[in-house]
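To start, the structure under review is shown below, and the notes come after it.
The numbers here are math on the coordinates, done by the rules we state, and not lab data. Computed from a predicted model, the values in this text were never measured in an experiment. Positions of Cβ are generated from backbone atoms using ideal geometry, with glycine treated the same way; all protein chains shown enter the neighbour counts.
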Amino acid sequence: MNAAQVLTRRRLRACLVIILVVFALFGARLFQIQGLDASAYAAQAVASGTQKKVDPAPRGAILDRNGEELATSVDGLTLTADPKMTVDNAPQIARILREKLGNEIDYFDTIDKLRTPDSRYVYLAKDLPKWTADKAIAALDKAGLPGVFSEKETLRTYPGGKLAANLLGYTNGAGKGVAGLEQQFDKTLTGTDGSSTYEVSPTGQRIPMADSTVTEMVPGRDVQTTIDRDLQWYADQRLADAVQASSSDWGLAITMDVKTCQIVQMSQAPTFNADERSGMDDSNTVSRAVQNVYEPGSVMKTVTMAALADQGKIAADTPIVVPPKMTIDRFPIGDYWQHGTLKLTAAGVIALSSNLGTIVAAQQMSDQTMYQYFSKFGFGQKTGVNLPGESKGILTNGSEWTKANHATISFGQGVSVTAMQMMRAVGAIANAGKMCEPSVVTSTVDKDGTKTAVTSPASKRIVSKDAASTVTRMMEAVTAPDGTAPAAAIKGYRVAGKTGTAWRVDPTTGRYIRGQNTVSFMGFAPADNPRFLTYIVLDKPYSNAGGGSTAAPVFHDIMSMALERFGVAPSGSKSPKVAQTW
Amino acid sequence: MSSQLSRAFAPVPSRIEDAKAVGLRLVRPVRSRARKAPFVVVVLTVLSIGLVGLIVMSTVLQAQSFEAARLQSQATSLQTQQQALSREVDRLQSPANVAREALAIGMVPNANPAFLRLADGKVLGKPEAAVAGSNITRVTP
């Protein structure tokens, strides 16, 4: 072997070694991929070709008693932009958006957003109905202006705008109910999102016969309320007019079916518009019917009389000597009008709303007895209306009462209630002495229309039937021409009612404020076979407004509309004449 | 190579003689009567039908997939349109809108309920004409 041959052989060997090393590396890598990380790589390969889509479950609707939608959900979009892509065409994009979206966006504000420096993501507009946003996106596509994107969301709408807003409540940005029925029935209304996973081609089409998994979404259940939409609207408007005319701070109007305790209308003014998200400050969004406590004033006299009548201590014609004034625990108490010693019947005391007459009558009861009756009527306890944030009011225990407490509580001062509590209590008088819990929801409905009833506790007897009819007789005298609220009378019907003009308490000092009142009217009709109970409350109206002059006309209109809408015809019987004096 | 092979497999001469002695003789090899051509044709046909079938099926499925995607997007856009229209209907038939229209043509809400009993034609309640301005006169937006 010569030198040249030796050299060639060495070169060949070197090449062989290099080739072997390279192949060994390939082999090792192959083993790693196929043997060690096989499943991870397989999953990665599948993932790159699959698409997972979340199928958002629509939130259930809130319906009125006839199935009309009070709150519902529609597809919505949020528009976002990448300012890096839009900075050059900002005015053109803003012009198209303004054209298609109208007042949803501000032109100059949008230009600024589209030019946000050092940002790649800005929100242009949230909560747009899909059909509106789609038009804007299509117009931008057509004009060849890139950089604006859309994100899917569920949009809550309230077709009635302000209608029953404080009862319905509203949802927050994440779609969760944070007030009213939206909050209380959030779990029922919220569905379960579904999802689907399937393999797609690079252009986005679904590959037929490839693996796919689908989890069905479960839509939220609808909630059917006891509200009558048309009556609700009428009461909303009538109350708003009254609050404005009397320059009150706020007003409430609630109507309840006394047989079933279903609330058919619950209005508050001023209120908010959850559909347009306007007027959403705390003083408007609070649900005053259940969350606001106040001193009810003379409407409470009906409860005092019912307690006395149940013990057989009073009848409509029981004679009462009413002194010109009284001083109890150095606390002077008078009536709203100056008078000498009066000889009034119990009906006369109610008809003229005499505080002194009520105190004289109530002195027949001990502190404990009176406290027990007030407790039985539900004061100091929440109602079963099942709405969030309900207050239980303030009724101090009878064992802690002073003489002045006993006297003032009998005519509705020194006791704090919610309007719903007051409805429940007087509802028992209207319902022949049996009290039920007010309710606003009858059932929940699934997507097939199957209803599941929401049960409420059975009614229980509070006072005897005779006691209830005695108080009803007294209350009929209130709407008579010589009573305190003839404006509440409805021609052809027998109407029982009671006015209230209570001193307002300053929440910071806890003292009464001279010249500031909470005026109210509570009444039911037809008095001979009660069907509806309506309560009107106006807080802090102009200083000489009274329950009879300010609240009673509102009661008249709303009650008339309720009787008309529900086809409650008058029986034609006449109110029995009860003497007011003796 | 072939001559070596044929030599190796050639019968030993003595054995040929023995065979002739017992009356055995060499015959021509029997030719198979089955022809190969039809079998090949059948196999090829089956294969091609299968192949063509697969191609056709996959094409049809693909085409349907495009069609499905198109119909899906059409369904979504129709659903959106339906939502937009039903919202418009809701808005138009809302009590506030009906009341606004009614007030605009001079109608007045009646707060004096009265009923006519069809059985005997009796009027229940005291019917009274609604007076303009005595009830709701406007719709607060």
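For this structure, a couple of remarks:
- Candidate cross-link partners of A:LYS135 among the aspartates and glutamates, defined by an alpha-carbon separation under 20 Å and a same-chain spacing of 8 or more, comprise A:ASP75, A:ASP82, A:GLU99, A:GLU104, A:ASP106, A:ASP127, A:GLU151, A:GLU153, B:GLU88.
- Cα-based shape type of segment A:54-225, given that a ≥ b ≥ c are square roots of the gyration tensor eigenvalues and the cut on a/c is 1.5: oblate
- Positive minus negative residues near A:GLY547 (Lys, Arg vs Asp, Glu; Cβ under 15 Å): +1
- Dividing the helix sum by the residues of chain A, where each DSSP H run of 4 or more adds -39500 (n - 2.57), gives a mean residue ellipticity at 222 nm of -10000 deg cm²/dmol.
- Principal-axis analysis of the Cα atoms of chain A puts helix A:552-565 at an angle of about 70° to the longest axis.
- DSSP beta bridges in segment A:54-225 [antiparallel fraction, %, rounded to 5]: 95 percent
- Residue pairs exceeding 19 angstrom between C-alpha atoms, taken from A:LYS130/A:LYS447; A:LYS187/A:LYS382; A:LYS376/A:LYS434: A:LYS130/A:LYS447; A:LYS187/A:LYS382.
- Rg/Rh, computed from the Cα trace of segment A:517-562 with Rh as the Kirkwood radius, has the value 1.03.
- Compactness of segment A:119-168 as Cα Rg over 2.2 N^0.38 Å, two decimals: 1.55
- Residue among A:PHE272, A:PHE566, A:ALA47 farthest towards the positive dipole end of chain A, charges placed on Cβ: A:ALA47
- A Cβ-based charge dipole, computed about the Cα centre of chain A with Lys and Arg at +1 and Asp and Glu at -1, lands at about 880 debye.
- Greater than 22 Å apart at Cα, pairs in A:LYS162/A:LYS498; A:LYS403/A:LYS540; A:LYS100/A:LYS142: A:LYS162/A:LYS498; A:LYS403/A:LYS540
- Folded to 0 to 90 degrees: helix A:301-310 orientation relative to chain A principal axis, Cα: 70 degrees
- Counting neighbouring beta carbons within 10 Å and listing from fewest to most, the residues A:ILE111, A:ILE359 come out as A:ILE111, A:ILE359.
- Cα lying deepest toward the dipole's positive end in segment A:81-171, options A:ALA94, A:THR110, A:PRO159, charges on Cβ: A:PRO159
- Order of A:MET300, A:MET420, A:MET85, B:MET57 under a 10 Å beta carbon neighbour criterion, fewest first: B:MET57, A:MET85, A:MET300, A:MET420
- From helices alone, chain B scores -20500 deg cm²/dmol at 222 nm; the rule is -39500 (n - 2.57) for each run of n ≥ 4 DSSP H residues, then divide by the residue total.
- Structure remark: mean-square fluctuation, Gaussian network model of chain B, C-alpha springs under 10 Å; the largest value among B:VAL27, B:VAL108, B:VAL42 belongs to B:VAL27.
- Overall, segment A:115-192 carries a charge dipole of about 100 debye about its Cα centre when +1 sits on the Cβ of Lys and Arg and -1 on the Cβ of Asp and Glu, all other atoms neutral.
- Relative contact order of segment A:229-565, defined on C-alpha pairs under 8 angstrom at six or more residues apart (%): 23 percent
- Positive end of the dipole of the protein assembly as shown (Cβ unit charges, origin at the Cα centre): among A:VAL243, A:SER391, B:VAL89, the Cα lying farthest that way belongs to B:VAL89.
- Reachable lysines, given that their alpha-carbon falls under 21 Å from the alpha-carbon of B:LYS122 and they are not under 8 places away in the same chain: A:LYS491, A:LYS574
- Prolate/oblate/rounded label for segment A:86-128 (Cα gyration tensor, a/c 1.5): oblate
- When the Cα convex hull of segment A:229-565 is projected onto planes of every orientation, the mean area is 17.3 nm².
- Distance from segment A:402-446 to segment A:508-549 (C-alpha centre basis), Å: 14 Å
- Whole-number percent relative contact order across chain B, with pairs defined as alpha carbons under 8 Å at least 6 apart: 13 percent
- With Cα atoms, 0 to 90° folded angle of helix A:3-31 axis to chain A main axis: 20 degrees
- For segment A:167-279, the spread of Cα positions along each principal axis, largest first, Å: 70, 35, 22
- Between the amide H of A:LEU124 and those of A:LEU79, A:THR80, A:ALA81, distances stay under 5 Å, these residues lying 5 or more places away or on another chain, with hydrogens modeled in the peptide plane.
- Cβ-placed point charges (K, R +1; D, E -1), dipole of segment A:54-225 about Cα centre in debye, nearest 20: 300 debye
- Three-way shape label, the protein assembly as shown, alpha-carbon gyration tensor, a/c 1.5: prolate
- Normalised contact order of chain A, rounded percent, pairs of Cα under 8 Å and 6 or more residues apart: 14 percent
- Coordinate range along principal axes, alpha carbons of segment A:407-450, Å, largest first: 57, 23, 8
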